[in-house]
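Visitor: First the structure, which I've put down as structure tokens, then a few questions once you've had a look.
The values are calculated or read from the model by the stated rules, or taken from the named source; none is laboratory data. This structure is a prediction, so every number in the text was calculated from the model and none was measured. Quick reminder, even Gly has a Cβ in these numbers, built from the backbone with ideal geometry, and neighbours come from all protein chains shown.
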């Protein structure tokens, strides 16, 4: 994991996906969210390695099949945050590319209106299911 985050490219407003996806274990979401729904897991050592941003992917496919972190998770329940790009006023978004994958880092906490929360679960066969 890189430590010099200043080398990341800032994402211009007219580039990138319409949505960002962020998978969080129930305990991480609950412990990082206040009563109003403001979510900020930045800096957690046990989740994200203490990174100063929220790590997201541009697709569910990337989480399920290509993100090494997902492969290490045990089967179980999670929250899937679908983050709406047009609602991220004032939050810097940077791009990190590694092994032909693109990640987006959000440099701020998320007010409740910026994301949709769906239940997700990982099965024993490493498939991710969202909704329901």
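Visitor: With respect to the numbered conditions (1) surrounded by 12 or more Cβ atoms within 10 Å (Cβ to Cβ); (2) within 17 Å of residue 5 (Cα to Cα); (3) under 13 Å from the mean Cα position of the chain (by Cα); (4) modelled with pLDDT of 80 or more, which one is the sole condition not fulfilled by residue 52?
Guide: (1)
Visitor: From (1) modelled with pLDDT under 95; (2) outside any helix (DSSP H, G or I); (3) loosely packed, with under 13 Cβ neighbours inside 10 Å, pick out the condition that doesn't hold for residue 103.
Guide: Status for residue 103: all satisfied but (3).
Visitor: Additional query: So, residue 15, is that one farther than 28 Å from residue 129 by Cβ, loosely packed, with under 13 Cβ neighbours inside 10 Å and either modelled with pLDDT under 95 or touching a strand residue (DSSP E or B) at 6+ places or on another chain (Cβ under 9 Å) (or both) or not? Break it down into steps so the answer makes sense when it comes.
Guide: On the way: farther than 28 Å from residue 129 by Cβ: yes; loosely packed, with under 13 Cβ neighbours inside 10 Å: yes; either modelled with pLDDT under 95 or touching a strand residue (DSSP E or B) at 6+ places or on another chain (Cβ under 9 Å) (or both): yes.
Judged against the criteria, residue 15 is a match.
Visitor: Among the residues of segment 106-132 satisfying the criterion of being in a strand (DSSP E or B) and touching a helix residue (DSSP H, G or I) at 6+ places or on another chain (Cβ under 7 Å), which is nearest to residue 61 (Cα to Cα)? Outline the logic, then answer.
Guide: To start, the set of residues in segment 106-132 that are in a strand (DSSP E or B) comprises 106, 110, 115-122, 128-130.
Keeping just the survivors that are touching a helix residue (DSSP H, G or I) at 6+ places or on another chain (Cβ under 7 Å) gives 128, 130.
On the way: 128: 9, 130: 12 Å.
It comes out as 128.
Visitor: Tell me, yes or no, whether segment 22-45 has at least one residue that is surrounded by fewer than 13 Cβ atoms within 10 Å (Cβ to Cβ), at pLDDT 90 or above and touching a helix residue (DSSP H, G or I) at 6+ places or on another chain (Cβ under 7 Å).
Guide: Yes, there is a match, as at least one residue in segment 22-45 is surrounded by fewer than 13 Cβ atoms within 10 Å (Cβ to Cβ), at pLDDT 90 or above and touching a helix residue (DSSP H, G or I) at 6+ places or on another chain (Cβ under 7 Å).
Visitor: Something else: Quickly run through segment 18-47 and pick out the residues that are in contact with a strand residue (DSSP E or B) (Cβ under 6 Å, 6 or more places away or on another chain) and either at positive phi or part of a strand (DSSP E or B) (or both).
Guide: Matches in segment 18-47: 19, 20, 21, 22, 23, 24, 25, 33, 39.
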